[in-house]
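The values are calculated or read from the model by the stated rules, or taken from the named source; none is laboratory data. Because the structure is predicted, anything quoted here is derived from the model rather than measured. Counting neighbours? That spans all protein chains shown, and the Cβs are built from the backbone with ideal geometry, glycine included. With ligands, DNA and RNA removed, areas are computed over all heavy atoms of the protein, side chains included. Shrake-Rupley method; radii C 1.70, N 1.55, O 1.52, S 1.80 Å.
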Amino acid sequence: MSIPQAAPLPQSIRPLRAPNPSALTGTGTNTYLLGRGRLVLIDPGPLSEVHLRAILAALDPGETLAAILVTHCHLDHSGLAPALSAATGAPIYGFGPAHSGRSALMQSLAAQGFPTGGEGFDPAFAPDHLVRDGARLIFGDIEIVALHTPGHTGCHVCFGWGGHLFSGDHVMGWSTSLISPPDGDMAQYMASLDRLASHGWTHAWPGHGAPITDPAHRIAELKTHRQLREANLLAALAKGPATPADLTGVLYHDTPPQLWPAAERNVLAQLLKLWQEGQITADPHPAPGATYSLKYPHPG
């Protein structure tokens, strides 16, 4: 899919940072104002009166918001959208309601009561306008392409403006992404990385952290990181059956213990990918507390 080629001037991108630092958000959620005069905003951020006032104060006299684009339905990205829309009259654009875009496996697990994991999921998120994959959104002289990039969540969308990629939580420089089933799906995440790698982005503007000046290199790093984690996980299972909690202690032994619950969700996501691919089994069935084994273990 072609990407609009006319790259905007850097001064046409105005980043703002929400006051919500944490272990999972880094220094806070990034909000981006695009253009001049009639602006487009990407990711309003968490429900915060302070951040709402900061966004409104960032508008120059006479400027208005044409649209509010939301990359995904986590509260640190979507929470402020209704209040900002009410304050400015700008409609909200997103891939769909909170549970949209999930793979068949994740839909099935959610229907069985598989617990939502840990990053402030926004179940009430409901955009005014649905943004489908490949949609071209035109607001005056701003033309944005939407790329459905499920993985971090099923409803995750990245936005391209010229050579600039607004990558939400899919591609970040300061950290890897949390993949937390059934909201997150590792198989979808890896496929979305491959898709983003096929475009010649000049910069990536993530949902958290600093801009990325070599997106191709960073995307390759993220893919290699996940492949290494998968290889280490398979090596651990070669020593015998294990639960996600067991494997977290092995694979994330150098990670601060307070981050182990999030790390365990990543391990679970990797296990579910391997189970889908037929490389491992789950006893009694794929779940957080299941015991996972290599399907074809090498004879000892």
Checklist entry - How much net charge surrounds G94 when only other residues with a Cβ under 13 Å from its Cβ are counted (Lys, Arg +1; Asp, Glu -1)? => result -3
Item to check | Over the chain: helical MRE at 222 nm, DSSP H runs n ≥ 4 each giving -39500 (n - 2.57), nearest 500 | outcome: -9000 deg cm²/dmol
Checklist outcome for this item: Tilt, helix 260-276 to longest principal axis of the chain (alpha-carbon atoms), in degrees rounded to tens, equals 70 degrees
Checklist outcome for this item: With a ≥ b ≥ c from the Cα gyration tensor eigenvalues, square-rooted, and the rule rounded for a/c under 1.5, otherwise prolate when a/b > b/c and oblate otherwise, the stretch 125-169 is oblate
Item to check | Low-density loop cleavage sites - chymotrypsin sites (Phe, Trp or Tyr not before Pro) in the stretch 147-222, where at most 15 other Cβ are within 10 Å (DSSP) | outcome: W174
Checklist entry - Rounded to a whole number, what % of the accessible area of the stretch 31-172 do carbon and sulfur atoms account for, probe 1.4 Å? => result 57 percent
Checklist entry - Which of the listed residues, G79, P127, Q188, is farthest toward the dipole's positive end in the stretch 69-218, when Lys, Arg count +1 and Asp, Glu count -1 at the beta-carbon? => result Q188
Checklist outcome for this item: Normalised Cα Rg of the chain, dividing by 2.2 N^0.38 Å with N its residue count, works out at 1.02
Checklist entry - Over the chain, what is the percentage of antiparallel beta bridges among all DSSP beta bridges, to the nearest 5? => result 70 percent
Checklist entry - the stretch 216-250 to the stretch 39-68: how many Å between their Cα centroids? => result 40 Å
